[in-house]
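The values are calculated or read from the model by the stated rules, or taken from the named source; none is laboratory data. Since the model is a prediction, treat every value here as computed from it, not as a measurement. Cβ coordinates were reconstructed from backbone atoms using ideal geometry, including for glycine residues, and neighbour counts include every protein chain displayed. Just so you know, the surface numbers come from the protein's heavy atoms only, side chains and all, with ligands and any DNA or RNA stripped out. Shrake-Rupley method; radii C 1.70, N 1.55, O 1.52, S 1.80 Å.
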Amino acid sequence: MNLVLLGPPGAGKGTQAKVLSQKLNIPHIATGDMLRQAVGKGTSLGKKAKGYMLKGELVPDELVIAIVRETLAKAVVEKGFILDGFPRTLKQAEMLDEALENIGKKPDVVLYFKTSIEKSVARLGGRRVCRKCGANFHVKNIPPKKDSICDYCKGELYQRKDDGEETVKRRWSVYAEETAPVISYYEKKGTLREVSGDLDVGELNKILIALFQREKLI
Ligand code: ADP
Ligand code: ZN
């Protein structure tokens, strides 16, 4: 199954993508994670992307498109994929269609995770991420068993620099300007399905599994 997850920052795309990836055994491709890795390693892509990410701006299309092209060319997508955080602009959406067409694929379903800015600010402000395995926690909603330590790998938890209130607001306005048109793009194609990002992880997961079954995707 080829899935695309769309929605504003803090709508829960990444969390749901991780659960679905494990359950359905298809790879989770998150451009945000790939870019943060590049920044962490200090690669030339990372050096170019860092400033944009800290400000909550989009990394230029050509840089992101290049890493997605590379990933889609690998055999890992043979069984399907969950794209999380891509496409974020109309240009990226067009590039994705073209790249998938070349390998005889298309997005089966585009899930639009809807949430409010208030909920997003609260979620992202309390989010803590594991440096080692990338697991997400929340100081109130999903607290780690031990302060600042990952439950799964004992890695150190940190707060993303772009999760502060001001940057989250900037990410929302970038989203409204650049990414909202991508929603209409998929709506016109008939592949868009809206779901509530405000639900609990387990609750939303059940709804998604039922949706995939209804559409005979699993
Ligand atoms: P969120 O979805 O919560 O905003 P991500 O981890 O997906 O967070 O993305 C973090 C940052 O990485 C974005 O604010 C942006 O700077 C960059 N980024 C990720 N994906 C893309 C993309 N497809 N195009 C441009 N920039 C991207
Ligand atoms: Zn961890």
Could you tell me whether the range 1-124 comes out rounded, prolate or oblate from its Cα gyration tensor? Rule is a ≥ b ≥ c as square roots of the eigenvalues, rounded for a/c under 1.5, then prolate if a/b exceeds b/c, otherwise oblate. oblate
Semi-axes a, b, c in Å (a largest) for the range 60-146, each sqrt of 5 times a Cα gyration tensor eigenvalue, come to 31, 16, 13
Projected onto the charge dipole of the range 16-169 (+1 at Lys/Arg Cβ, -1 at Asp/Glu Cβ, origin at the Cα centre), which of 40, 103, 115 gives the Cα projection farthest towards the positive end? 40
Which value results for Rg/Rh of the range 144-184 when Rg is the Cα radius of gyration and Rh the Kirkwood radius based on the inverse mean 1/r? 1.25
With a probe of 1.4 Å, find how much accessible area the chain has per residue, and write the answer as a whole number in Å². 53 Å²
Of the accessible area of the chain, with the probe set at 1.4 angstrom, what percent is carbon plus sulfur? 51 percent
Which value in nm describes the separation of the simple spin-label points at residue 205 and residue 149, placed 7 Å from the Cα toward the beta carbon? 2.5 nm
Give a residue-ordered list of calculated ³J(HN,Hα) values for the range 181-196 (Karplus: 6.51 cos²θ - 1.76 cosθ + 1.60, θ = phi - 60°; whole Hz; x for Gly, Pro). x, 5, 5, 5, 4, 7, 4, 4, 7, x, 9, 7, 10, 8, 10, 8
Under the rule a/c < 1.5 gives rounded, and otherwise a/b versus b/c splits prolate from oblate, where does the chain land using the Cα gyration tensor? rounded
Given H placed 1.01 Å from N in the peptide plane, which residues other than close sequence neighbours of residue 109 have an amide H under 5 Å from its amide H? 2, 4
For the chain, what is the calculated [θ] at 222 nm in deg cm²/dmol (nearest 500), taking -39500 (n - 2.57) for each run of four or more DSSP H residues and dividing by its residue count? -14500 deg cm²/dmol
Of the listed pairs 41/132; 119/161; 13/169; 48/114, those with alpha carbons more than 22 Å apart are 48/114
Of the range 131-164, those with amide N under 13 Å from the point 7 Å along the Cα→Cβ vector of residue 22 are 134-137, 151-153
Once the Cβ-Cβ distance between residue 214 and residue 90 is put in as r, and R0 is 41 Å, what FRET efficiency do you end up with, to the nearest 0.05? 0.90
